[in-house]
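Please read the structure below before turning to the comments.
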Amino acid sequence: MTLPKNSVSHTINTPLGVLNGISSIDPVSDKIKNHRFAKIPYAQPFSQHNRWKRPVKLPSNYDYSGNYYEMGLKAPQSSIEDEKLSSICAPGDADENINYLNIWIPASKDKPVDGWPVFIYIHGGFLKYGSPGRFPDPKELQSHDFLGKYIIVSIGYRLNILGFLNSTELLSVDSECSNLGFWDQRLAIEWVYDNIKYFEGNNSKITVGGLSAGSYSTFFQLAYELYHPEVTQVIKQVVQFSNAFAMQPKTISEVNKQYYDVLDNLGISRNLSPELQLQQLREQDVNTLVSIIPKLKYHTFRAVTDNNFVAESLLSDLVNGQFSQLLMKRKPGFRMVIGEVANEPYLYSLLDTPIDEMDLKLQLENYYPARTVQSLIDLYPKIPQSLPEAEYREQLQHLFGRIVADSQIYASTRGFIHWLVENGYPKENIFRYRVGYRQKRLDKSVDPKLGAIHGSDLAVWFSVRSSSECEKNIIESFLRPFNKILNFEDQKSIEWGTLSEKEYRFISPGGEVNIVSDADWDWGVHVSNTLYLAQSS
């Protein structure tokens, strides 16, 4: 294989084997910026024959020796024709064997004595799309002249129908067959804990985080540890980019209709025994499986309340304070970075846009339990039916984007934080932010008038590659306290700037950083309370 431009091979000898990765070289200074090991397996291979089973650890004597130069393929996923949504659907070929992770290591000689802190990143994409390989190369972030460096690990996991298809039938065949994508993430997190020391990492300083569905996943990974004290408590702090928890996932019985929808679209009889249904599902070509997703009435795949990975009391515990109490038992004080971008609704308005009022209910029911949908819709002004069709459709699209952005991010974040602090969780351990800035190089692909849209901040957090020295300085200034958190620095040294849970650190479209009082706080808490009451009635 030909190595990428401005890179050389980098070899490490470990008890795992002899692993060959690549080192990125600065073409000006000729210095090595970072090392990358791509597509390292963390579980036994996924395949057609073990679909809808939990991931299985590799044997303890597994020999990892080999070349880890090339990024892996994406998980199987349906395509999206709309170019405006290209940011969420990974390009290229797919591979059902998505059980791998990528590791980026700073090359600097100022490594801490106990090893680099570690950030495990879970990619987003609605749990339907995306890839661990679509992570911006952090070589600038990890370069010699940037303070607060850390290891970054991006993990692969099964998506959509392969990772989050749940039903009573599947559970009757295998009691462990639910939330499989979360179990993939969990095994990858445990692999990092067990092995990151061989890559110069410190497993006592692990942060887990993600964007969008990756943030959603992060919450459930944290909750899993809190509700299962018998497992290794890997997660020391979390980062939640553009997603939070304010809705108890559907029950198994509530997602059965999605399962039947899948069977019907594949021509598999509902009258077959669950064993035969599963057998016929496994006989399907993987491309056939993902190709039916856009045809499904219930096409969105989410977490499910299974009382295994996801406790049925999760939302009520958050509201009544039990969740806060569990979190406060973490020593030292457990910290979280959580926030949003200025224009979250735009991207949400484009995917599965409803065409009328009935379709609006259906698309929202794809996300949330049916009993919550009407209460959610009633919070927003009704669109007059008398409008011309084109104007009605346009307003409906904007309404849909606003509702989903609120319930996924804006309102859920505020409700989540409100319940935590109301029940005693220290507000000083919550680091809120809002990003209104975006890198100028994104203007080539996204209309600048849209501002910072969902996902555009990934380039701010991890890719300091900029069009100018001025932009680089802006981003570095914004990142400085964030990197201190990821380096587990003392609370007093972080200087985030917020004094209340109702404030956030804001980087404006012009690049100025200020502390802002949250004008949307009351609305967000109101929406979250409404959703909680709709679920508890």
Contacts under 6 angstrom Cβ, first residue in the range 141-169 being over 15 Å from Val290 (Cα atoms) and touching a residue at least 40 places away in the same chain (Cβ under 8 Å), partner assigned to a loop (DSSP other than H, G, I, E, B) and among the aromatic types (Phe, Trp, Tyr), 6 or more apart
Ser154/Phe135
Could you list all residues from the range 490-525 that are without any contact (Cβ under 8 Å) to a residue 24 or more places away in the chain and surrounded by fewer than 16 Cβ atoms within 10 Å (Cβ to Cβ)?
Asp490, Lys492, Ser493, Glu495, Gly497, Leu499, Glu512, Asn514, Ile515, Ser517, Ala519, Asp522
Being more than 18 Å from Arg465 (Cβ to Cβ) and not hydroxyl-bearing (Ser, Thr, Tyr), is that true of even one residue in the range 137-146?
no
What number of residues within the range 74-96 are over 16 Å from Ile293 (Cβ atoms) and either acidic (Asp, Glu) or modelled with pLDDT of 95 or more (or both)?
3
Which numbered condition trips up Asp447, out of (1) modelled with pLDDT under 95; (2) under 30 Å from Ile105 (Cβ atoms)?
(2)
Given the criterion in contact with a Gly (Cβ under 7 Å, 6 or more places away or on another chain) and either in a strand (DSSP E or B) or buried (at least 23 other Cβ atoms within 10 Å of the Cβ) (or both), identify the matching residue among Ser178, Ser217.
Ser217
Looking at the range 153-173, can you tell me whether even one residue there is out of contact with any His (no Cβ under 6 Å at 6 or more places or on another chain) and modelled with pLDDT under 95?
no
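Sort out which residues of the range 94-144 are of a type in the set (Gly, Ala, Ser) and either within 30 Å of Arg302 (Cβ to Cβ) or in a strand (DSSP E or B) (or both), and write them in order of number. Before you say what the answer is, go through the steps one by one.
Let us first name the residues in the range 94-144 that are of a type in the set (Gly, Ala, Ser), namely 94, 107-108, 115, 124-125, 130-131, 133, 143.
If the condition is that a residue be of a type in the set (Gly, Ala, Ser) and either within 30 Å of Arg302 (Cβ to Cβ) or in a strand (DSSP E or B) (or both), then Ala94, Gly124, Gly125, Gly130, Ser131, Gly133 are the ones that fit.
Looking only at the range 459-486, count every residue that is polar (S, T, N, Q), in a helix (DSSP H, G or I) and either surrounded by 18 or more Cβ atoms within 10 Å (Cβ to Cβ) or within 20 Å of the chain's Cα centre (by Cα) (or both) and tell me the total.
The first filter runs over the range 459-486 and keeps only residues polar (S, T, N, Q), leaving 463, 466-468, 473, 477, 483.
If we keep only those that are in a helix (DSSP H, G or I) as well, we get 473, 477, 483.
Within this subset, residues satisfying the condition of being either surrounded by 18 or more Cβ atoms within 10 Å (Cβ to Cβ) or within 20 Å of the chain's Cα centre (by Cα) (or both) are 483.
Residues flagged as polar (S, T, N, Q), in a helix (DSSP H, G or I) and either surrounded by 18 or more Cβ atoms within 10 Å (Cβ to Cβ) or within 20 Å of the chain's Cα centre (by Cα) (or both) within the range 459-486 amount to 1.
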Among Ile40, Ile25, which is the only one that is among the β-branched types (Val, Ile, Thr) and out of contact with any Phe, Trp or Tyr (no Cβ under 8 Å at 6 or more places or on another chain)?
Ile25
Within the range 333-391, tally of residues that are out of contact with any Ser or Thr (no Cβ under 8 Å at 6 or more places or on another chain), over 30 Å from Arg434 (Cα atoms) and not β-branched (Val, Ile, Thr):
14
Residues being part of a loop (DSSP other than H, G, I, E, B), under 23 Å from Glu254 (Cβ atoms) and not acidic (Asp, Glu) - total across the range 264-307
16
Hey, could you check the range 364-394 for residues that are in contact with an Asp or Glu (Cβ under 9 Å, 6 or more places away or on another chain), within 30 Å of Phe164 (Cα to Cα) and among the aliphatic types (A, V, I, L, M) and say which is surrounded by the fewest Cβ atoms within 10 Å (Cβ to Cβ)?
Ala370
Residue that is modelled with pLDDT under 95, touching a helix residue (DSSP H, G or I) at 6+ places or on another chain (Cβ under 9 Å), surrounded by 14 or more Cβ atoms within 10 Å (Cβ to Cβ) and not charged (D, E, K, R), where the choices are Ala303, Ala246, Ala311:
Ala246
Number of positions in the range 1-53 that are in a loop (DSSP other than H, G, I, E, B) and of a type outside the set (Phe, Trp, Tyr)
20
Take Pro138 and decide whether it is modelled with pLDDT under 95 and surrounded by 18 or more Cβ atoms within 10 Å (Cβ to Cβ).
yes
Hey, can you tell me all the residues within the range 31-49 that are of a type in the set (S, T, N, Q) and surrounded by 14 or more Cβ atoms within 10 Å (Cβ to Cβ)?
Asn34, Gln44
Of everything in the range 54-79, what is in contact (Cβ under 8 Å) with a residue 60 or more places away in the chain, part of a loop (DSSP other than H, G, I, E, B) and surrounded by 15 or more Cβ atoms within 10 Å (Cβ to Cβ)? Give them in sequence order.
Arg54, Pro55, Tyr69, Met71, Gly72, Leu73, Ala75, Pro76, Gln77, Ser78
Looking for whichever is crowded, with 21+ Cβ neighbours inside 10 Å, β-branched (Val, Ile, Thr), in a helix (DSSP H, G or I) and out of contact with any His (no Cβ under 7 Å at 6 or more places or on another chain) here; the options are Val239, Val255. Which one fits?
Val255
Where Ser456 falls short, out of the listed (1) in a helix (DSSP H, G or I); (2) under 24 Å from the mean Cα position of the chain (by Cα); (3) polar (S, T, N, Q)
(1)
Are any residues in the range 145-169 of a type in the set (A, V, I, L, M, F, W, C), closer than 20 Å to Asn366 by Cα and either touching a Pro at 6+ places or on another chain (Cβ under 7 Å) or not in a loop (DSSP other than H, G, I, E, B) (or both), and if so, which ones?
Ile161, Leu162
Flagged pairs (Cβ under 7 angstrom, 6 or more apart or on separate chains; first in the range 440-451, surrounded by 11 or more Cβ atoms within 10 Å (Cβ to Cβ); second of a type in the set (A, V, I, L, M, F, W, C)) are Leu442/Ala459; Val446/Ile453; Gly451/Ala342
Among the candidates Ile120, Ile105, residue that is β-branched (Val, Ile, Thr), buried (at least 24 other Cβ atoms within 10 Å of the Cβ), farther than 19 Å from Gly181 by Cβ and modelled with pLDDT of 95 or more
Ile105
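Yes/no per residue for (1) at pLDDT below 95; (2) touching a Phe, Trp or Tyr at 6+ places or on another chain (Cβ under 7 Å); (3) acidic (Asp, Glu); (4) assigned to a strand (DSSP E or B):
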| site | (1), (2), (3), (4) |
| --- | --- |
| Asp359 | no, no, yes, no |
| Gln363 | no, yes, no, no |
| Asn366 | no, yes, no, no |
| Gln374 | no, no, no, no |
| Glu391 | no, no, yes, no |
| Leu396 | no, no, no, no |
| Ala405 | no, yes, no, no |
| Trp419 | no, no, no, no |
| Leu442 | yes, no, no, no |
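The values are calculated or read from the model by the stated rules, or taken from the named source; none is laboratory data. All of these numbers come straight from a predicted model, not from anything done at the bench. Positions of Cβ are backbone-derived with ideal geometry, glycine not excepted, and every protein chain shown enters the neighbour counts.
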